[in-house]
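Every read-out reported here was derived from the displayed coordinates using simple, explicitly stated rules and does not represent laboratory data. Computed from a predicted structure; not experimentally measured. Because the Cβ atoms are built from the backbone with ideal geometry, glycine has one as well, and the counts that use them run over all protein chains shown.
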């Protein structure tokens, strides 16, 4: 009885070893036959992820940055703007990287404020009424 049991185990191990050897030979032949396919299988997903990142993240951000830079370069006297802090004003003067804004009136005179050029969020296209007068 024990002999049959031991013989059964040894024959099962021998069958498993021969099956493993056959599988290894098949895998080895597949690897030897197509190294280009193995390389493509490793590199192609990385290339595809790079392309997705470029078209979904990098390219749109570059377009947005280009549009903002163009808007900041085209600022001129009299433009109605909004700052990143939410202040509305009219450009009274531009010097290098600073802009002087008229943000209201104080004693009949325009109240002026100086901000950095990069702090401009957008140029307002519509005219805004302020204390009965229309600013363009």
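The table that follows gives values for the structure above.
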| quantity | calculated |
| --- | --- |
| Residues 62, 121, sorted so that the one with the fewest Cβ neighbours within 10 Å comes first | 62, 121 |
| Fewest-first ranking of 39, 101, using other Cβ atoms within 10 Å as the exposure measure | 39, 101 |
| Residues 70, 124 arranged by fewest to most Cβ contacts within 10 Å | 70, 124 |
| Residues of region 51-78 with amide N under 19 Å of the 7 Å Cα→Cβ point at residue 112 | 75-78 |
